[in-house]
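Read the structure below first, then the notes.
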Amino acid sequence: MPSAVRTKPDIPPPLSLTSVPGHVAIIMDGNGRWARQRGRPRLFGHRAGTENIRRVIQRFADYGVRHLTLFAFSTENWDRPRYEVRGLMVLLSRFLKRETQHLHENGIRLLHIGDLSPLSPGLQREVRDAIELTSANDRMTLAIAFNYGGRAEIVEATRRLVEEGRDPRDIDENAIGSHLYAPDMPEPDLLIRTSGELRVSNFLLWQLAYTELVFVDTLWPDFGDRQLRHALTEYASRRRRFGGR
């Protein structure tokens, strides 16, 4: 019987930063192209992208990021082929089954942003159970944007204000912000999009008003320490003015 091998702890390399973003948002793009480069179906790429999530969460937590939002499935993604949509639902379920306990043990709180209602009752229950289990954790908050659209979020916030009977004169930025999907989450300091695409694709449209944007050419399944460190270093090099001078 082979003897056990003792491995060194997975500690991130030192990174000297003048500032660390409190909230990082990521558009995880490029799974399909990653699979196509290997002659495999798109779901093969989505599986590889899902497997990369744990590593990325751990690294950002190690570097002191307190909030991380991942764009996993947009309101527009329902227009993809049915087999691909079904596969993405299966991957979400597998992610929750495989990762929820690990997130909990590492002090990470899970949130969902978006509309759960089109998902199956069983999958909705899995999402809510994971959120409930991790609700008291405070090392990091991980928000999964699934069936999420930035325009839909703003429309829903406005609709709820109308349903509450708000006087139009009382509707301001704070009123709308308090009716978004996760009103307690700070706005992102840094948005990263992988795969080389240069757009935000209906993601966090309200919250990205003063967010620093970093675009990397790497496809999401290959996004690792080097690209992560580059994004954090790029963020630290910028001077945030928030409309001032």
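Considering every residue within region 105-118, establish whether at least one is β-branched (V, I, T), within 21 Å of R36 (Cβ to Cβ) and at pLDDT 95 or above. There is no residue in region 105-118 that is β-branched (V, I, T), within 21 Å of R36 (Cβ to Cβ) and at pLDDT 95 or above.
Of the listed requirements (1) outside any loop (DSSP other than H, G, I, E, B); (2) closer than 24 Å to T100 by Cβ; (3) in contact with a Pro (Cβ under 8 Å, 6 or more places away or on another chain), A143 misses just one: (3). Check R160, R128 and return the single one that is basic (K, R), in a helix (DSSP H, G or I) and either touching a residue at least 40 places away in the same chain (Cβ under 8 Å) or closer than 27 Å to E51 by Cβ (or both). Result: R128 is the single residue among R160, R128 that is basic (K, R), in a helix (DSSP H, G or I) and either touching a residue at least 40 places away in the same chain (Cβ under 8 Å) or closer than 27 Å to E51 by Cβ (or both).
Of the residues making up region 97-131, those that are within 15 Å of F146 (Cβ to Cβ) and either β-branched (V, I, T) or in contact with a Cys (Cβ under 7 Å, 6 or more places away or on another chain) (or both) are T100, I113, V127, I131. Answer with yes or no whether I176 is in contact (Cβ under 8 Å) with a residue 24 or more places away in the chain and under 30 Å from Q37 (Cα atoms). No; evaluated as a whole, the condition is false for this residue. Filtering region 166-186 for residues that are outside any loop (DSSP other than H, G, I, E, B), surrounded by fewer than 19 Cβ atoms within 10 Å (Cβ to Cβ) and within 20 Å of the chain's Cα centre (by Cα) leaves a non-empty set. Within region 37-76, the set of residues being under 16 Å from the mean Cα position of the chain (by Cα) and under 15 Å from S201 (Cα atoms) comprises T69, L70, F71, A72, F73, S74, T75.
Confirm whether E132 is under 21 Å from D184 (Cα atoms), out of contact with any His (no Cβ under 6 Å at 6 or more places or on another chain) and not hydroxyl-bearing (S, T, Y). In short, yes.
Is region 181-195 home to any residue that is at pLDDT 95 or above, in contact with a His (Cβ under 9 Å, 6 or more places away or on another chain) and among the acidic types (D, E)? Yes: one or more hits. The residue that is farthest from the chain's Cα centre (by Cα), among those in region 187-210 that are among the hydroxyl-bearing types (S, T, Y) and surrounded by fewer than 19 Cβ atoms within 10 Å (Cβ to Cβ), is Y210. Yes or no: region 171-180 includes at least one residue that is modelled with pLDDT of 95 or more and within 24 Å of R59 (Cα to Cα). So far as region 171-180 goes, no, none of its residues is modelled with pLDDT of 95 or more and within 24 Å of R59 (Cα to Cα). All conditions in (1) touching a Phe, Trp or Tyr at 6+ places or on another chain (Cβ under 7 Å); (2) assigned to a strand (DSSP E or B) hold for I154, with the sole exception of (2). Residues that are part of a loop (DSSP other than H, G, I, E, B) and among the hydrophobic types (A, V, I, L, M, F, W, C) were ranked within region 187-205; the one that is farthest from P221 (Cα to Cα) is L205.
The values are calculated or read from the model by the stated rules, or taken from the named source; none is laboratory data. These numbers come from a predicted model, not from an experiment. Neighbour counts run over all protein chains shown; Cβ positions are idealised from the backbone, glycine included.
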